[in-house]
Amino acid sequence: MTTDKPRPAADAPAGSHSLGALTPTGNAAIKGIFFIMFAAALYFAKGLLIPVVLAVLVWLTFGPWVRWLAKRRMPSALSAAFIVIGLTVVVSGAAFVASGPVARWMDDIPKMSSELRSKLSELRQPMEEVAKASDALEEVGKNIDGKKAQQVVVRGPGLLFTLAQNAQYMATTVAATLVLLYFMLASGSHFHVRLVESFDSLADKKKALELVMLIENDVSRYLMSVTVINFCLGAVVATALMVAGMPDAWSWGVTAGVMNFMPYIGPVIGVVLIGVASIIEFNELTPMLLMPGIYAFCTIVEGQLITPSVLGRRFDINPVVILLAVAFWAWIWGIVGALIAVPVLVAIKVACDHTDLAPWFAHFSSMNQAPVARPVTAGGE
């Protein structure tokens, strides 16, 4: 009596696959679909996720401070209240100072717009022929088949309405972030304890806690270092512009410090903004070029010399990856996304460096050939 043996996998018909097996093409397709769905979820849920992500990043920065004070008998709720109140004062003061030129310009937008157009009139001359051709095409569209077509003009919301709406959205986001941040800081080590309790084996508990501490230390050090650098940059820019005779110099200093949180893109936006302001404020070519030149010089020195020497190898991330991260988060969440892009990238890279989550990303995003795992430093415990 013979029994049928299972057919070897090598004898399976060509093109057939067992359940659960995927071809490389199918695996890549599933990853692509997941990425698209993830990006869509980030976009449509930004109203909920932006305050959460902001609160988590600030919590990673100030969490070690709260735990350090708790060891010295200061209640976590009290230290959290001091931190949140201090952040509220700083953010409100920075917004008030930075809004100086905008508030002054809003009083007389038509006049300033007319001045800007007159000063740029020389640049409009080469475009006159293009404008005439566009007018001719418009006339053709208005007279289709000898009949005058009805012209429909859709007017969008005015500038004041748009600014007011954005200001309201930003105020709501900041308020929600601060409230959430307070409760996260006031919880002390609650989240760390719950994370450890979520794993069964001692090795997994230790590995999870070490990973969280590494992310916390790196994100905290990055944000604190960059904040100090940007504060000094803002002070230098404001002083240089004030000496050069730029109105509202301290407002532009605050703008420089905030914009510099967006690597590469922020300084370019700042130069463009102060260039437009210089055209509006001055009637001579020299100050029109001097003010954006001062701004650009300060940001170039900071970006090429100071920041690399301060941060060093610890945050040695490929500039191409940084630029892609800023572009992606700016596309998803606008200016807020551009501001948080690098801290989020730092957290993801630390997780990839010390786990098997995505070793290819850890290697690709590093300037070093082989990223070396670093021991955890329990600075906040």
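What follows is calculated from the coordinates using simple rules that are stated; it is not laboratory data. All figures in this text were calculated on a predicted structure; none of them were measured in a lab. Cβ sites come from the backbone with ideal geometry, for glycine too, and all protein chains shown count toward neighbours.
Between ALA81 and HIS190, the simple spin-label model (points 7 angstrom out along Cα→Cβ) gives 1.6 nm. Applying 1/(1 + (r/R0)^6) with r as the Cβ-Cβ distance of ASP204 and ILE269 and R0 = 41 angstrom yields a FRET efficiency of 0.35. List the pairs from LYS207/LYS349; LYS46/LYS205; LYS71/LYS206; LYS31/LYS206; LYS71/LYS205 whose alpha-carbon separation is above 26 Å, in the order I gave them. Checking Cα-Cα distances, LYS46/LYS205; LYS31/LYS206 exceed 26 Å. Averaged over residues, the count of other Cβ atoms within 10 Å places the peptides 345-358, 281-294 in the sequence 345-358, 281-294, highest first. Note on PHE361/THR25: beta-carbon distance plugged into 1/(1 + (r/R0)^6) with R0 of 22 Å gives a FRET efficiency of 0.60.
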